[in-house]
1. So which residues in the range 343-370 are open to solvent by 40 Å² or more (accessible area, probe 1.4 Å) and more than 24 Å from the chain's Cα centre (by Cα), if there are any at all?
2. Among what's in the range 36-55 and is without any contact (Cβ under 8 Å) to a residue 60 or more places away in the chain and not aromatic (Phe, Trp, Tyr), pick the residue that is farthest from residue 237 (Cα to Cα).
3. Restricting attention to the range 176-216, which residues are exposed (fewer than 15 other Cβ atoms within 10 Å of the Cβ), touching a strand residue (DSSP E or B) at 6+ places or on another chain (Cβ under 8 Å) and hydrophobic (A, V, I, L, M, F, W, C)?
4. So which residues in the range 324-370 are under 15 Å from residue 308 (Cα atoms) and not in a helix (DSSP H, G or I), if there are any at all?
5. Only residues that are over 13 Å from residue 285 (Cβ atoms) and open to solvent by 10 Å² or more (accessible area, probe 1.4 Å): list them for the range 255-275, please.
6. When you look at residue 396, is it of a type outside the set (A, V, I, L, M), surrounded by 13 or more Cβ atoms within 10 Å (Cβ to Cβ) and either under 18 Å from residue 315 (Cα atoms) or in contact with a strand residue (DSSP E or B) (Cβ under 6 Å, 6 or more places away or on another chain) (or both), yes or no?
7. Name the residues in the range 248-278 that are part of a helix (DSSP H, G or I) and either within 16 Å of the chain's Cα centre (by Cα) or among the charged types (D, E, K, R) (or both), would you?
8. Go through the residues of the range 131-139 one by one and say whether even a single one is more than 20 Å from residue 337 (Cβ to Cβ), free of Cβ contacts under 8 Å to residues at least 24 places away in the same chain and open to solvent by 20 Å² or more (accessible area, probe 1.4 Å).
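The values are calculated or read from the model by the stated rules, or taken from the named source; none is laboratory data. Bear in mind that the values here come from a model prediction, so they are computed numbers and not experimental data. Ideal geometry is used to build each Cβ from the backbone, glycine not excepted, and the neighbour counts take in all protein chains shown. In case anyone asks, the SASA skips ligands and DNA or RNA and just uses the protein heavy atoms, side chains included. Shrake-Rupley method; radii C 1.70, N 1.55, O 1.52, S 1.80 Å.
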Amino acid sequence: MAAFPEVEKICYEGPDSKNPLAFQWYNEDEIIEGKSMKDHLRFSVVYWHTFRGNGSDPFGSATMVRPWEDGTDSVENAINRAHVAFEFMEKLGAPFYAFHDRDVAPEGATLAESNQNLDAVVAVLKEEQARTGIKLLWGTANMFSNPRFMHGASTSCNADVFAFAAAQVKKALEVTKELGGENYVFWGGREGYQNLFNTDMKREFDNLGRFMHMAVEYADEIGFGGTFLIEPKPKEPTKHQYDSDAAACINFLRAYGLTDRFKLNVETNHATLAGHTMMHELDYAGHQGLLGSIDANTGDLMLGWDTDQFPTNLYLTTEIMLMLLKHGGVAPGGTNFDAKVRRESFEPIDLFHAHIGGMDAFARGLKIAAAIRAAGQVDAIVKDRYSSWDAGIGARIESGTESFKSLEAYMLEKGEVAPNQSGRQELLENIINTYL
């Protein structure tokens, strides 16, 4: 029995469409810079918010109306939910999805029971993937909800918790491989600290690096060749998370010799919590060669926490797509809607409205970014601003042939620097506005 009987397959109808259940901008077959929209954007639906979110918050109980739920945390209900999830994703036209192990199957009384529950649901997910052609973008393990992880997982002061986390990731890697997952994500969860007086930071970092190497070793053992991704986040739930931003994550990967197997999954709301823009985080990860995937959402700048709202701001999606095009895209990563409908948007149909809006916003951002790049006006201004580095003393500095002594001699002879050029910030902002 259909969970969304009133919804047909969501189709592209163009910018003039007034149909709220149609795409105005996301035309998956449209070619942009030599590649289809579908291949550029690689949209993914998340299991946790979309199919497990209930609308509760610290001040109120669940609000979501989900007729397919029977009120139990049983394997049978989880299997039924999997069928609903694939009906939704098939009608939406999303090519990928992502999940934590505990999203798709209930945790049992023991690790063995949890693994059995997961196996039962994974069998259904595998059947649904074969039926629909929808693929797994990435899998991961929830190592933050259960009270055992109160001090963290791989960074816990309790060695047994490290061992349990290792066993849980082992299983999650196995099912990710079984389902053909293209990536595996580590989100820090509670990997961080609340108070340094009771924390051995070096030991926790060393154990975190040790854990990641174990994951790589086991992936090689079972033949999982997907990309490992770390997702930066500065705080929440811990006061300070070890994966605080792109720079911190990349420093960790280099320090522990993991850059050959890991990249970053960068999220907008996490970037703003770190005091950065998404554009900054993407450009930093991109020019380091470690941009792997993105979580597509946004926060509310008036609220200092992780609100995970659907992205509809065209400036944001344009900035993101400028960076993704600049750095060659995100495949085998994707654009993963780690976003949830608002607590007040409680009807099932709101799930469609939210995803359609987000997909259209990114499709339009892609088109705008491509147009900006094709015109070349912004790139020309940037190139001109740095023209002193393309010849003369700048070129010699960048080639490594100059030293402090030679540069002192250069300036003693020249006497004063060449005049600075305007940054043209307002002009650049005006140019971007002409495309929106």
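1. 344, 346, 347, listed by residue number.
2. Applying the filter and picking the extreme gives 36.
3. 201
4. Answer for the range 324-370, where residues must be under 15 Å from residue 308 (Cα atoms) and not in a helix (DSSP H, G or I): 335, 336, 337, 338, 339, 340, 341, 342, 343, 344, 345.
5. Residues satisfying the conditions are 255, 256, 257, 260, 261, 272, 273, 275.
6. Answer is no for this residue.
7. 249, 250, 254, 268, 269, 270, 271, 272, 273, 278
8. no
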